[in-house]
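Colleague: This structure is in structure tokens; I'll ask about it shortly.
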Amino acid sequence: MNGLALLDYASVLVFALTGALVASRAQLDLVGFAFMACLTAVGGGTVRDLLLDRHPVFWVGQPDYILIAVSAAVLVFFTAHLVESRYNWLVWLDSFALSIAVAAGTGAALSLGQSGIIVVLMGVTTGCLGGLMRDVVCNEVPLVLKQGELYVSCALAGALSAVLATKFGLEGLLALGLCALVCWVLRAGSLLFGWQLPVYKARPPRQ
Amino acid sequence: MNGLALLDYASVLVFALTGALVASRAQLDLVGFAFMACLTAVGGGTVRDLLLDRHPVFWVGQPDYILIAVSAAVLVFFTAHLVESRYNWLVWLDSFALSIAVAAGTGAALSLGQSGIIVVLMGVTTGCLGGLMRDVVCNEVPLVLKQGELYVSCALAGALSAVLATKFGLEGLLALGLCALVCWVLRAGSLLFGWQLPVYKARPPRQ
Amino acid sequence: MNGLALLDYASVLVFALTGALVASRAQLDLVGFAFMACLTAVGGGTVRDLLLDRHPVFWVGQPDYILIAVSAAVLVFFTAHLVESRYNWLVWLDSFALSIAVAAGTGAALSLGQSGIIVVLMGVTTGCLGGLMRDVVCNEVPLVLKQGELYVSCALAGALSAVLATKFGLEGLLALGLCALVCWVLRAGSLLFGWQLPVYKARPPRQ
């Protein structure tokens, strides 16, 4: 198995765990867990593949991804009661999934020889859309839109690092590792230390 | 017209009725009814066709589907006040639409020679995603996620039956009929007799 | 640059402004503004291109669109506090974006030689889906579904005018100009004078 496929597998696994955790918060049954796990796990990568006209879509060509997502759902169904704060687990697992998925999306677009801006956008798309679908379908406040937290910014910074590193001659997987690292450090910093960008605050209109 | 197309037409018709019923609950105008009917009716099959790179998408190649969905919207606009409980009609029509759409999606994937797991996933996708779009857009609680009811499970069981029946040599349309029957019986049983799978219930963490 | 591309650019620009305004109502940071601007700006046209199997998707082939959307986001981030009612600006900018996007979608489908009904549907899809994604993701009441206002109807009437005008021999860009005009006049009339179609009202069931 090559490095790119490994990244895809890892991102599917971790995103599936977050999807199943959201299903546990909605008190679904085992099939509902599997449904949410699959939607979350393959959502972002599927949009990426459709946008790039990359067929078969990664999990249609290789259904192992689905088995991994379903296994993650089963695992969470039987163990989620063991953890103290499911929301904490959700947010932290999501930070790993985001970082890996951004690297996977960036790598896929790089391997197709896309231009820098498209590579960055595919990284952000792959990283952010699966979780966005999960949150919209389950009516949670999308992590993407949480006020005063870095999220899309982390994906953007990670994907940009990979593109720049590649321009400076860093070899494939190293660039993607850097991408995941940058993304995760920013996200973790935002969660732990409240790192954020200035948010829009309405001021009274002038005059 | 062959059997597969007939299934697609039937699923479009019945899903369109449910979309229009949701539009009536949101008190839209006739064009709003048609919009929701079309979105619900072709949503699931469209995702299936995009995932399988099956072009033209079924309703782009054959716009009759749209005319059927619009007719269903007109019918509901002028008759919905005649029924006593629109929600009951919605849920029961949805159970028929689900069953037919799962069979249609399963049949389409079988006819493309996809592997068993992809056939099952396409059945579930075609069956569940149109209704999910309808509910997310209109801000109803998605039927897919209703706690303590079988829904995705019915789609899964139906699609699995079709795949198994085909493996044991049952001829095409019979296998799809079995698929629809299994799906509908489970859904009806869940609605009438409360059949369900155990749902996730948080227990206090151990220790 | 030809007329069709110009329409796409204009619709991206104006829809991006509306996406950024919604981001300002959710008090996001600058990257959040850019994310919402891009989603809104390219959402409808992306669905159109995927449905018609038109690759590369318009903004994947020509990333300038993204730069325009991001610039619009930056502009709104630094100036939105200057206006008195952001909601008014949102609704009126959206009316322009809708009209231009319907014309762009109609033109794209016409240029591919699609049948009349598909041309109309692509106009409506391109016009309505970007704003719908914006509203669903940000949990605003979708403009598409606002009771007692014309919205999808305007898109439909505009796209129909273009198809009819083309049948009667009107040259390409003129037909698209007519399309945008019809759409915008209806939308503006609905906003200013309350033009609407009769909405569904439940009456007591007969007998």
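Colleague: Output the number of the condition that residue A:146 fails; it satisfies all remaining conditions of (1) under 17 Å from the mean Cα position of the chain (by Cα); (2) touching a residue at least 40 places away in the same chain (Cβ under 8 Å); (3) farther than 20 Å from residue C:43 by Cβ.
Modeller: Condition (2) is where residue A:146 drops out.
Colleague: Within 14 Å of chain C (Cβ to nearest Cβ) and within 15 Å of the chain's Cα centre (by Cα), is that true of residue B:90?
Modeller: So residue B:90 passes the test.
Colleague: Looking at (1) within 9 Å of chain A (Cβ to nearest Cβ); (2) more than 30 Å from residue C:138 (Cα to Cα), find the lone condition where residue B:173 falls short.
Modeller: The one condition residue B:173 does not meet is (1).
Colleague: Taking residue C:50, is it at pLDDT 95 or above, facing chain A (nearest Cβ under 9 Å), surrounded by fewer than 22 Cβ atoms within 10 Å (Cβ to Cβ) and touching a Leu at 6+ places or on another chain (Cβ under 8 Å)? Explain how you work it out, then say what you get.
Modeller: Working: at pLDDT 95 or above: yes; facing chain A (nearest Cβ under 9 Å): yes; surrounded by fewer than 22 Cβ atoms within 10 Å (Cβ to Cβ): yes; touching a Leu at 6+ places or on another chain (Cβ under 8 Å): yes.
It is true that residue C:50 is at pLDDT 95 or above, facing chain A (nearest Cβ under 9 Å), surrounded by fewer than 22 Cβ atoms within 10 Å (Cβ to Cβ) and touching a Leu at 6+ places or on another chain (Cβ under 8 Å).
Colleague: Residue by residue through the range C:135-148, note down the ones that are more than 9 Å from chain B (Cβ to nearest Cβ) and closer than 17 Å to residue C:99 by Cα.
Modeller: C:143 - this is the single residue of the range C:135-148 that is more than 9 Å from chain B (Cβ to nearest Cβ) and closer than 17 Å to residue C:99 by Cα.
Colleague: Can you tell me how many residues in the range B:150-189 are of a type outside the set (Val, Ile, Thr), farther than 27 Å from residue A:28 by Cβ and surrounded by 16 or more Cβ atoms within 10 Å (Cβ to Cβ)? Spell out how you get there, then give the answer.
Modeller: Here is the first cut: in the range B:150-189, the ones of a type outside the set (Val, Ile, Thr) are B:150-151, B:153-162, B:164-165, B:167-181, B:183-184, B:186-189.
The next check asks that each one be farther than 27 Å from residue A:28 by Cβ; those that pass are B:165, B:167-177.
If we keep only those that are surrounded by 16 or more Cβ atoms within 10 Å (Cβ to Cβ) as well, we get B:165, B:170, B:172, B:175-177.
Residues meeting the conditions: 6.
Colleague: Would you pick out the residues in the range B:1-16 that are surrounded by fewer than 24 Cβ atoms within 10 Å (Cβ to Cβ) and in a helix (DSSP H, G or I)? First the steps, then the outcome.
Modeller: Let us first name the residues in the range B:1-16 that are surrounded by fewer than 24 Cβ atoms within 10 Å (Cβ to Cβ), namely B:1-6, B:9-10, B:13-14.
Result: B:3, B:4, B:5, B:6, B:9, B:10, B:13, B:14.
Colleague: List pairs: first residue in the range C:151-167 and farther than 13 Å from residue B:35 by Cα, second residue surrounded by fewer than 20 Cβ atoms within 10 Å (Cβ to Cβ) anywhere in the structure, Cβ distance under 7 angstrom, at least six positions apart or on different chains.
Modeller: C:161/C:178; C:162/C:178; C:163/C:116; C:165/C:178
Colleague: Condition check: among the small types (Gly, Ala, Ser) and either in contact with a Ser or Thr (Cβ under 8 Å, 6 or more places away or on another chain) or on the phi > 0 side of the Ramachandran plot (or both). Does residue A:73 satisfy that? Give the steps one after another, and end with the answer.
Modeller: Numbers: among the small types (Gly, Ala, Ser): yes; either in contact with a Ser or Thr (Cβ under 8 Å, 6 or more places away or on another chain) or on the phi > 0 side of the Ramachandran plot (or both): no.
When the stated conditions are applied, residue A:73 does not pass them.
Colleague: Quick check: is even one residue across the range C:67-83 of a type in the set (Val, Ile, Thr), outside any helix (DSSP H, G or I) and either farther than 30 Å from residue C:112 by Cα or under 17 Å from the mean Cα position of the chain (by Cα) (or both)? Full working, then the answer.
Modeller: So the first thing to find is which residues in the range C:67-83 are of a type in the set (Val, Ile, Thr), and the list is C:68, C:70, C:74, C:76, C:79, C:83.
The next check asks that each one be outside any helix (DSSP H, G or I); those that pass are C:83.
With the extra rule that they be either farther than 30 Å from residue C:112 by Cα or under 17 Å from the mean Cα position of the chain (by Cα) (or both), the set shrinks to C:83.
So far as the range C:67-83 goes, yes, one or more of its residues are of a type in the set (Val, Ile, Thr), outside any helix (DSSP H, G or I) and either farther than 30 Å from residue C:112 by Cα or under 17 Å from the mean Cα position of the chain (by Cα) (or both).
Colleague: Shifting gears a bit: If residue A:132 satisfies all but one of (1) of a type in the set (A, V, I, L, M); (2) exposed (fewer than 15 other Cβ atoms within 10 Å of the Cβ); (3) in contact with a helix residue (DSSP H, G or I) (Cβ under 6 Å, 6 or more places away or on another chain), what's the number of the condition it fails?
Modeller: Condition (2) is where residue A:132 drops out.
Colleague: Additional query: Is there a residue being at positive phi, within 9 Å of chain C (Cβ to nearest Cβ), surrounded by fewer than 22 Cβ atoms within 10 Å (Cβ to Cβ) and touching a strand residue (DSSP E or B) at 6+ places or on another chain (Cβ under 8 Å) anywhere in the range B:19-29? Step through it out loud before you land on a result.
Modeller: Going through the range B:19-29, the residues at positive phi turn out to be B:27.
From the residues that got through so far, the ones that are within 9 Å of chain C (Cβ to nearest Cβ) too are B:27.
Then keep just the ones that are surrounded by fewer than 22 Cβ atoms within 10 Å (Cβ to Cβ); that gives B:27.
Adding the requirement that they be touching a strand residue (DSSP E or B) at 6+ places or on another chain (Cβ under 8 Å) leaves B:27.
Yes - at least one qualifying residue is present in the range B:19-29.
Colleague: Could I ask something else about it? Criterion first (touching a strand residue (DSSP E or B) at 6+ places or on another chain (Cβ under 6 Å) and either within 8 Å of another protein chain (Cβ to nearest Cβ) or not in a helix (DSSP H, G or I) (or both)) does residue A:197 satisfy it? Spell out the reasoning first.
Modeller: Values: touching a strand residue (DSSP E or B) at 6+ places or on another chain (Cβ under 6 Å): yes; either within 8 Å of another protein chain (Cβ to nearest Cβ) or not in a helix (DSSP H, G or I) (or both): yes.
So residue A:197 passes the test.
Colleague: If I ask for residues that are touching a Leu at 6+ places or on another chain (Cβ under 6 Å) and among the polar types (S, T, N, Q), which ones from the range A:1-39 would you list?
Modeller: Once the filter is applied, which keeps residues that are touching a Leu at 6+ places or on another chain (Cβ under 6 Å) and among the polar types (S, T, N, Q), the range A:1-39 yields only A:18.
Matching residues to (1) touching a strand residue (DSSP E or B) at 6+ places or on another chain (Cβ under 6 Å); (2) among the acidic types (Asp, Glu); (3) under 30 Å from residue A:145 (Cα atoms); (4) in a helix (DSSP H, G or I):
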site	(1), (2), (3), (4)
C:132	no, no, yes, yes
C:136	no, no, yes, yes
C:153	no, no, no, yes
C:157	no, no, no, yes
C:164	no, no, no, yes
C:169	no, no, no, no
C:176	no, no, no, yes
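Colleague: For residue B:98, which of the numbered conditions (1) more than 26 Å from residue C:114 (Cβ to Cβ); (2) more than 10 Å from chain C (Cβ to nearest Cβ); (3) surrounded by fewer than 16 Cβ atoms within 10 Å (Cβ to Cβ) fails to hold?
Modeller: Among (1) more than 26 Å from residue C:114 (Cβ to Cβ); (2) more than 10 Å from chain C (Cβ to nearest Cβ); (3) surrounded by fewer than 16 Cβ atoms within 10 Å (Cβ to Cβ), the lone unmet condition for residue B:98 is (3).
Colleague: Let me ask something additional. Cβ-Cβ distance below 8 Å, separation of 6 or more or different chains: which pairs start in the range C:101-113 with a residue that is at pLDDT below 95 and end on one that is part of a loop (DSSP other than H, G, I, E, B) and not β-branched (Val, Ile, Thr)?
Modeller: As it stands, the answer is C:108/C:52; C:108/C:54; C:109/C:52; C:112/C:52; C:112/C:54, since those pairs meet every condition given.
Colleague: What do you reckon, is residue A:61 more than 8 Å from every other protein chain (Cβ to nearest Cβ) and surrounded by fewer than 24 Cβ atoms within 10 Å (Cβ to Cβ)? Don't jump to the end; show me each part of the working.
Modeller: Details: more than 8 Å from every other protein chain (Cβ to nearest Cβ): yes; surrounded by fewer than 24 Cβ atoms within 10 Å (Cβ to Cβ): yes.
Taking the combined requirement at face value, the residue satisfies it.
Colleague: Go through the range A:105-152 residue by residue and tally those that are within 26 Å of residue A:56 (Cβ to Cβ) and of a type in the set (Phe, Trp, Tyr).
Modeller: 0
Colleague: Still on this structure, I have one more. Does the range C:75-84 include one or more residues that are polar (S, T, N, Q) and either within 25 Å of residue B:62 (Cα to Cα) or surrounded by fewer than 17 Cβ atoms within 10 Å (Cβ to Cβ) (or both)? So that I can check it myself, show each step before the final result.
Modeller: So the first thing to find is which residues in the range C:75-84 are polar (S, T, N, Q), and the list is C:79.
After this cut, where a residue has to be either within 25 Å of residue B:62 (Cα to Cα) or surrounded by fewer than 17 Cβ atoms within 10 Å (Cβ to Cβ) (or both) as well, the list is C:79.
Within the range C:75-84, one or more residues are polar (S, T, N, Q) and either within 25 Å of residue B:62 (Cα to Cα) or surrounded by fewer than 17 Cβ atoms within 10 Å (Cβ to Cβ) (or both).
Colleague: Scan the range B:90-97 and tell me whether some residue there is farther than 30 Å from residue C:146 by Cβ, in contact (Cβ under 8 Å) with a residue 12 or more places away in the chain and part of a helix (DSSP H, G or I).
Modeller: Filtering the range B:90-97 for residues farther than 30 Å from residue C:146 by Cβ gives B:95-96.
Going one step further and asking which of them are in contact (Cβ under 8 Å) with a residue 12 or more places away in the chain, we end up with B:95-96.
Keeping just the survivors that are part of a helix (DSSP H, G or I) gives B:95-96.
So far as the range B:90-97 goes, yes, one or more of its residues are farther than 30 Å from residue C:146 by Cβ, in contact (Cβ under 8 Å) with a residue 12 or more places away in the chain and part of a helix (DSSP H, G or I).
Colleague: Residue A:141 is checked against (1) among the β-branched types (Val, Ile, Thr); (2) free of Cβ contacts under 8 Å to residues at least 40 places away in the same chain; (3) crowded, with 16+ Cβ neighbours inside 10 Å and fails just one. What number does that condition carry?
Modeller: Condition not satisfied by residue A:141: (3).
The values are calculated or read from the model by the stated rules, or taken from the named source; none is laboratory data. What you are looking at is a predicted structure, and each value in this text was computed from that prediction instead of being measured. Please note: Cβ atoms are built from the backbone with ideal geometry, for glycine as well, and neighbour counts cover all protein chains shown.
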